[in-house]
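Visitor: Submitted below is the structure of interest, expressed as structure tokens.
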Amino acid sequence: EAGVVQSPRYKIIEKKQPVAFWCNPISGHNTLYWYRQNLGQGPELLIRYENEEAVDDSQLPKDRFSAERLKGVDSTLKIQPAELGDSAVYLCASSPFFEGGGDEQFFGPGTRLTVL
Amino acid sequence: AQRVTQPEKLLSVFKGAPVELKCNYSYSGSPELFWYVQYSRQRLQLLLRHISRESIKGFTADLNKGETSFHLKKPFAQEEDSAMYYCALLTPFGGKSTFGDGTKLTVKP
């Protein structure tokens with residue numbers, strides 16, 4: 001079992017360029033999370049999916065960020081255009097169920113984004 | 001809105017000494033609390049959760065609803081415990097996930 005897979009692992013772009021991150025969760029996990037982690041801080045939730053439905057995107061900056069989870073499996077997070085302040089590690093996590101309660105989140109290795 | 005506070009960014013102890021990593025939370029309902037750990041060059045992983053009431057790698061954590069705390073404790077720290085520790089809260093029905101900013105634990109030989 002490879003666990004949660006994310007790509008790319010590192011990305012360097014210039015400001016105003018677009019960038020996309022991809023996540024493949026653990027097979028059978030219905031819940032998928034995208035987090036942003038700034039240096040010296042904890043993960044900050046951007047969006048949570050239950051299957052293909054975005055059930056919590058209240059902290060997603062919708063003017064420049066978008067996400068999708070087609071068919072309720074893989075997910076893509078996009079930033080367009082990127083700003084200097086978007087430099088961070090973007091984490092994907094998946095969870096086996098969510099039914100009236102929470103469960104363990106399994107994290108991917110993250111994508112480290114540097115915006116120049 | 002819920003909040004998780006880890007007051008210590010850095011914590012250093014000697015091997016064999018007791019260690020306590022503090023976590024305070026604010027949430028009006030009954031949340032689920034977790035401790036996650038990130039060892040050097042590894043991904044975040046679950047250490048323990050309050051509902052299981054188990055000890056993992058010698059660590060325990062008790063949920064104190066009166067003080068809204070979920071401190072992580074180990075009576076005898078080991079060098080391999082050196083890592084980043086994050087306290088996390090999950091709301092029971094909305095499923096909103098909130099992490100603290102982490103405590104970096106260093107266990108000196």
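The values are calculated or read from the model by the stated rules, or taken from the named source; none is laboratory data. This is a predicted model, so every value here is computed, not measured. Cβ coordinates were reconstructed from backbone atoms using ideal geometry, including for glycine residues, and neighbour counts include every protein chain displayed. The protein model used for the area step is the full one, side chains on, heavy atoms only, and it has no ligands, DNA or RNA in it. Shrake-Rupley method; radii C 1.70, N 1.55, O 1.52, S 1.80 Å.
Visitor: Need the failing condition index for B:Leu105 against (1) open to solvent by 10 Å² or more (accessible area, probe 1.4 Å); (2) in a strand (DSSP E or B); (3) farther than 15 Å from B:Val4 by Cα; (4) more than 14 Å from chain A (Cβ to nearest Cβ), just the number.
Guide: Here B:Leu105 meets the rest and fails (1).
Visitor: Right, another one. Residues of segment A:12-50 being open to solvent by 20 Å² or more (accessible area, probe 1.4 Å), assigned to a strand (DSSP E or B) and at pLDDT below 95, which ones?
Guide: A:Glu50
Visitor: Another question, then. If you check A:Val89, A:Val55, which single one turns out to be part of a strand (DSSP E or B), among the β-branched types (Val, Ile, Thr), closer than 21 Å to B:Ala88 by Cβ and open to solvent by less than 30 Å² (accessible area, probe 1.4 Å)?
Guide: Every option except A:Val89 fails the conditions.
Visitor: Quick one: which residue in B:Ser28, B:Ser52, B:Ser12, B:Ser40 is away from chain A (no Cβ under 14 Å) and outside any strand (DSSP E or B)? Can you show your working first?
Guide: Numbers: B:Ser52 fails: away from chain A (no Cβ under 14 Å); B:Ser12 fails: outside any strand (DSSP E or B); B:Ser40 fails: away from chain A (no Cβ under 14 Å).
None of the others qualify; the one that does is B:Ser28.
Visitor: Looking only at segment B:1-52, which residues are of a type in the set (S, T, N, Q) and either in contact with an Asp or Glu (Cβ under 9 Å, 6 or more places away or on another chain) or within 16 Å of B:Gly100 (Cα to Cα) (or both)?
Guide: Hits for segment B:1-52 are B:Gln2, B:Thr5, B:Gln6, B:Asn24, B:Ser26, B:Gln38, B:Gln45.
Visitor: Any residue in segment A:28-52 that is more than 11 Å from every other protein chain (Cβ to nearest Cβ) sitting within a Cβ distance under 7 Å of a residue that is surrounded by fewer than 20 Cβ atoms within 10 Å (Cβ to Cβ) and among the basic types (Lys, Arg)? List the pairs, counting only those 6 or more apart or interchain.
Guide: Final answer for the pair search is A:Glu52/A:Lys71.
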